[in-house]
Structure formats: structure tokens, C-alpha cells
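Down below is the structure, laid out as C-alpha cells.
The values are calculated or read from the model by the stated rules, or taken from the named source; none is laboratory data. These numbers were taken from a predicted model, which means no experiment stands behind them. Note: areas computed on protein heavy atoms with side chains; ligands, DNA, RNA excluded. Shrake-Rupley method; radii C 1.70, N 1.55, O 1.52, S 1.80 Å.
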Amino acid sequence: MTLAPDPSELLGLGRSIAEEVAQGLEEALAGDVRATTITSKSTGTDLVTEMDTWAERLITDRILAARPDDSIVGEEGADVAGTSGVSWCVDPIDGTVNFVHGLPGFCVSIAAQWQGETVAAVVVSPLHRDTYTATAGGGAHRNDEPIRCSEPAGLGRAVVGTGFGYRPERRRRQAEVVTEVIPHIADIRRFGAAAVDLCLVASGRLDGYWEVGLNPWDHAAGALIAVEAGALCSGLNGEPPSASFVLAAPPSIWTELRDLLAGAGAADL
Ligand code: LIP
């Protein structure tokens, strides 16, 4: 029988790798990222830089050097089948558009999963100087200080984040949903990296976040950090976060926000 791993050990490994990669990304910004090779994936706005590829290779190499029997899935195609029961879900640069434009908010996101459940998570946002971490049952931290989600009295006081996918028709619908939502909340934000948005909910800087169409590497780490900080994070009906829907918010407004989004057709995209 395979023994369950120690989440703290997985976090230590993931964190050291994420911080190394984040430093490399910050150094790359000293040059002209837009002058390097940039290609696109699903649509012309879904960018991949040389640094995405570099970062994913480095993360994969470092994990396998330390834990050769683990599995790895990554945004840029990493797909390693292991035997240990531990799987790593990696977004080498979440918020690639921010990175290309030198805007704060891109991050390195790494989740370690045991038998399908995320047990350790790290999100490093280098330009914010923020390292968010969590282990299952061990709480969430920013730069080693414990964090908690906010406790807004109601939706009218809530600053809520969201994101837009890359397909033009979906984006148009997502923008229409925002026009339905914004009259009922304090304000809306679109920062450009799902993992950071979830960590902003965890730290109480955002009072909620939703998005449709995310991939597992976008939300795996951030969702554990949000939940460990006291937020609720799931699909619209309480199911696990998925491409269908991710909604993270403090318990005090989760249901109100869910009802508002459902009424605005946020899931019908
Ligand atoms: C992006 C996100 C962004 C979201 C996009 C996309 P990428 O990830 O984190 O916030 O709106 O749909 O998934 O492509 O930069 O890794």
C-alpha cells in the first residue's frame, strides 16, 4: 500500500520551485518580453511565451529530480504518468497576458494532489511580492502570515473579481453578465490571473471571484488557498470547481452572489 505523503513536504518542494521560477520571470521582465518568441494557442489572444515553456520544463525537471514517481500535468503540455499517487498540477505562468505586458498579477501556480485531492498549494506573484501557500487542514498564508477571507455584510459592499476566456463569443457573453452583476455589487475587477484572483479572495482583498472556462491548473492551487482561508470555493451548486464554473466567496455572501450570477446567466456560456 502507498503511504499518504506529508503535505508540508510537498509544499516545501513546490514553494522552492515556484519561487525559483518566479525570480526567473521577474528577471526576464528586465528585457523586452514582447521581442521574444510569442505564439498563440486556442485563439490569437491565448498567448504562450518562451518563458512559459522554460518555466514548465524547469518545474517538471525539479519535481522529477526530487520525486521521480510522481505524476505531473501542466498548462504547456507536461503530462507525466507516475506511480506514487501524488500528482502535480502546474501553471508555469498564470496570467501570461499580464506577463507579456509587464503588468503585475502573473504568477506561478503549483498544486500537489493526493488521490485527486489538492493537499498542498503555492501561488507566487513576483511583482506583488506575494507568496501564497496552503496545506489541506493547515490553513492559508501570505508570505508566511496567516490569512482569512473577508466578511462583507452584503453584496452591496463586495468588490468582486472575474475573468474572460479567449473565445470571442464567450467573452461577449461574459461581458454581458458583468453588466447584469455590477449594479448589485460595490465594484468589479479583472486582474488577469485566476490563481491570483483566488488568493485575493483568500486574503480578503477581493470579496468574491467567479469565472467560467478555467482549466485545472488555473484553479487547483488557488482553490485550496481560498478554502483554507475560510472562503467557499466550488461550482454553482456546490460541486468541485471545474471548467463549468468556479465561484469563490466568503460564506456571508456566497449564496447571494451565486443567486445573482445564476440569474444573470453566468453559467449559460
Ligand atoms: C488565464 C487566466 C485568466 C483567465 C483566462 C486564462 P493563462 O490563464 O488565469 O484570468 O481569465 O481565461 O485562463 O492562459 O494566462 O494561463
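Assorted remarks:
- Extended-chain gain in nm, criterion 0.36 nm per residue less alpha-carbon gap, ASN237 and ARG170: 22.0 nm
- Our coupling estimate for segment 243-254, obtained by passing each phi through the Karplus curve with A = 6.51, B = -1.76, C = 1.60 and θ = phi - 60°, is 4, 5, 5, 10, 10, 10, 6, x, x, 5, 10, 4 Hz, Gly and Pro reported as x.
- Amide H contacts of ALA78 (H built 1.01 Å from N, under 5 Å, at least 5 apart or other chain): none
- Accessible area of the chain belonging to carbon and sulfur atoms, whole % at 1.4 Å probe: 51 percent
- Ligands, DNA and RNA excluded, the heavy atoms of CYS107 present near 0 Å² of accessible surface to a 1.4 Å solvent probe.
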